[in-house]
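J.: Structure below; questions to follow.
The values are calculated or read from the model by the stated rules, or taken from the named source; none is laboratory data. In this text, all values refer to a predicted model and were calculated from it rather than measured experimentally. FYI the Cβ positions are ideal-geometry reconstructions off the backbone, even for glycines, and counts take in every protein chain you see. Side chains are part of the model used for accessible areas, which takes the heavy atoms of the whole protein and leaves out ligands, DNA and RNA. Shrake-Rupley method; radii C 1.70, N 1.55, O 1.52, S 1.80 Å.
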Amino acid sequence: AAAHDANPLHRVKVYILDEMGAWRDLGTGQVSMEFVEHLNSACLVVLKEDDSASTILVHRVDAEISYHKQAPTILTWNDAEQQTEVALSFAEMEGCEWVHEYISKAQHYHQRRAADAASGGGGGGG
């Protein structure tokens, strides 16, 4: 339970940009940051507000993606897996701050791991 306390739930609305260039509302839920084993990555997970068994969004944090705070409560990025722009609209500024900070830390961690893997060999073919 202690690990969960360090990962507060924040209320968000999830939007994606559709083919027509309009923002489509995917629903309101609680966002948290979790390490997802099978993806071997930190992920942003949004569970439906009225049905926590339903997932609105699972996004793998990627060091190559630029995450932008468009406003104190809006975070956007271009999601390669969804092949579209995604936006989270937070109920509170603190939630947006917290998630943005967590993503930055996760990105630095991934970059360090990638650098270590690149410099740490892997042995040449031959």
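J.: Among the residues of region 67-83, which ones are in a loop (DSSP other than H, G, I, E, B) and farther than 15 Å from Val99 by Cβ?
T.: Of everything in region 67-83, those that are in a loop (DSSP other than H, G, I, E, B) and farther than 15 Å from Val99 by Cβ turn out to be Ala80, Glu81, Gln82, Gln83.
J.: Also: Regarding Ala80, is this residue over 14 Å from the mean Cα position of the chain (by Cα), open to solvent by 30 Å² or more (accessible area, probe 1.4 Å) and of a type in the set (A, V, I, L, M)?
T.: no
J.: Quick one: which residue in Glu97, Glu64 is surrounded by 15 or more Cβ atoms within 10 Å (Cβ to Cβ) and farther than 15 Å from Gln30 by Cβ?
T.: Glu97
J.: Within 15 Å of Arg11 (Cα to Cα), more than 14 Å from the chain's Cα centre (by Cα) and not acidic (Asp, Glu): which single residue out of Ala91, Ala87 fits that description?
T.: Ala91 is the lone residue from the list that is within 15 Å of Arg11 (Cα to Cα), more than 14 Å from the chain's Cα centre (by Cα) and not acidic (Asp, Glu).
J.: Please give the strands (runs of 3 or more DSSP E) falling wholly within region 1-59 in which 3 or more residues are modelled with pLDDT of 95 or more and open to solvent by 30 Å² or more (accessible area, probe 1.4 Å).
T.: Once the strands (runs of 3 or more DSSP E) in region 1-59 are filtered for at least 3 residues that are modelled with pLDDT of 95 or more and open to solvent by 30 Å² or more (accessible area, probe 1.4 Å), what remains is 10-17, 23-36.
J.: Glu101 passes all but one of (1) in a helix (DSSP H, G or I); (2) under 20 Å from His10 (Cα atoms); (3) more than 13 Å from the chain's Cα centre (by Cα); which number fails?
T.: Evaluating Glu101 over (1) in a helix (DSSP H, G or I); (2) under 20 Å from His10 (Cα atoms); (3) more than 13 Å from the chain's Cα centre (by Cα) leaves (3) as the failure.
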